[in-house]
Amino acid sequence: MNSINDFLILLQDDLGLPVTGADVGAGLDRVPGWDSVHLLSLLALLERTTGRALPLAEALEAGSLEEIYALAVAS
């Protein structure tokens, strides 16, 4: 995963979420189809994709997909 576009493709193709670039900065409660199960699935997917563990406590506090992406690229 080298860019936010790669992240969007991951969300669309692997999680089946109908998200666009406009959804990335929105609050998670505004992301189409988002629920708490998606967060856990996304974290597991990101860990497999990046080969690194993500900080769970910080991910649980994330308010947007953009914040989750930032955690994934920083880890």
(request) Would you compute, from DSSP H runs of 4+ residues alone, the mean residue ellipticity of the chain at 222 nm, taking -39500 (n - 2.57) per run and dividing by the full residue count, rounded to the nearest 500? (result) -15000 deg cm²/dmol
(message) At a threshold of 8 angstrom on Cα-Cα distance, excluding pairs fewer than six apart, so keeping six or more, what relative contact order does the range 1-43 reach in percent?
(response) 31 percent
(message) Quick check for me: using +1 on Lys/Arg Cβ and -1 on Asp/Glu Cβ, what's the dipole size of the chain about its Cα centre, in debye to the nearest 20?
(response) 140 debye
(request) Name the residues whose placed amide hydrogens come within less than 5 Å of the amide hydrogen of residue 17, ignoring near sequence neighbours (fewer than 5 apart) on the same chain. (result) 12
(message) So for the chain, averaging the separation of alpha carbon pairs under 8 Å that are six or more residues apart and normalising by length, what relative contact order in percent results?
(response) 30 percent
(request) Can you grab the distance from the C-alpha centre of the range 57-75 to the C-alpha centre of the range 17-51, Å, no decimals? (result) 10 Å
(message) Can you tell me the length gained on complete extension of the stretch residue 20 to residue 44, counting 0.36 nm per residue apart and subtracting the Cα distance?
(response) 6.5 nm
(message) Place a point 7 Å from the Cα of residue 56 along the Cα-to-Cβ direction; which residues of the range 1-37 have their backbone N under 17 Å from it?
(response) 36-37
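Readers should treat all values here as calculations from the given coordinates under stated rules, not as data from a laboratory. Everything numeric here is computed off the predicted structure, so don't read it as measured data. Note: ideal-geometry Cβ built from the backbone for every residue, glycine included; neighbour counts use all protein chains shown.
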